[in-house]
1. Taking region 55-94 only, how many residues are in a loop (DSSP other than H, G, I, E, B) and farther than 15 Å from D20 by Cβ?
2. In region 55-66, what residues are open to solvent by 60 Å² or more (accessible area, probe 1.4 Å) and in contact with a strand residue (DSSP E or B) (Cβ under 9 Å, 6 or more places away or on another chain)?
3. Quick one: what pairs do we get from region 72-94, first residue over 19 Å from V52 (Cβ atoms), second assigned to a helix (DSSP H, G or I) and modelled with pLDDT of 95 or more, C-beta under 8 Å, 6+ apart or different chains?
4. Closer than 28 Å to R93 by Cα and surrounded by 11 or more Cβ atoms within 10 Å (Cβ to Cβ), is that true of L25?
5. Assess whether V52 counts as being free of Cβ contacts under 8 Å to residues at least 24 places away in the same chain, in a strand (DSSP E or B), on the phi < 0 side of the Ramachandran plot and exposed (fewer than 13 other Cβ atoms within 10 Å of the Cβ).
6. Return only the number of the condition from (1) touching a residue at least 24 places away in the same chain (Cβ under 8 Å); (2) open to solvent by less than 70 Å² (accessible area, probe 1.4 Å); (3) of a type outside the set (S, T, N, Q) that A36 does not satisfy.
Amino acid sequence: MNKLPDVLKVQDFANGEYVDRELVLVKVAVDSKTRAEVMQISDIFRAKIVDVQPKSLTVEITGNESKVEKFLDLMNTFGVQELTRTGKAALPRK
């Protein structure tokens, strides 16, 4: 944490066009019956399974806030064990 650089510039994109994304890693509880369903939903959302354990899958998903929230809503039905989010990262379209 001590190596984090000071903020050099802040840019407000509220009035212009921009592209934003968020990265989420989510560990989902699975068993032999639900594993395939979680994998299928991940495939539909173009998410990557980055770790496989006997009782959980860790999934990486990137996208806009709406896509991420819809994915997480579906994963909550299986049981989210852990979750980490980057928050939005954005660039102007110009």
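The values are calculated or read from the model by the stated rules, or taken from the named source; none is laboratory data. A quick note: this is a predicted structure, and the numbers were derived from the prediction, not measured. Positions of Cβ are generated from backbone atoms using ideal geometry, with glycine treated the same way; all protein chains shown enter the neighbour counts. Surface accessibility is based on the protein's heavy atoms, side chains included, excluding ligands, DNA and RNA. Shrake-Rupley method; radii C 1.70, N 1.55, O 1.52, S 1.80 Å.
1. Residues that pass the stated criteria total 4.
2. K55, T62, N64, E65
3. From residues that are over 19 Å from V52 (Cβ atoms), the pairs are R85/V68.
4. yes
5. So V52 fits the description; yes.
6. Failed condition: (1).
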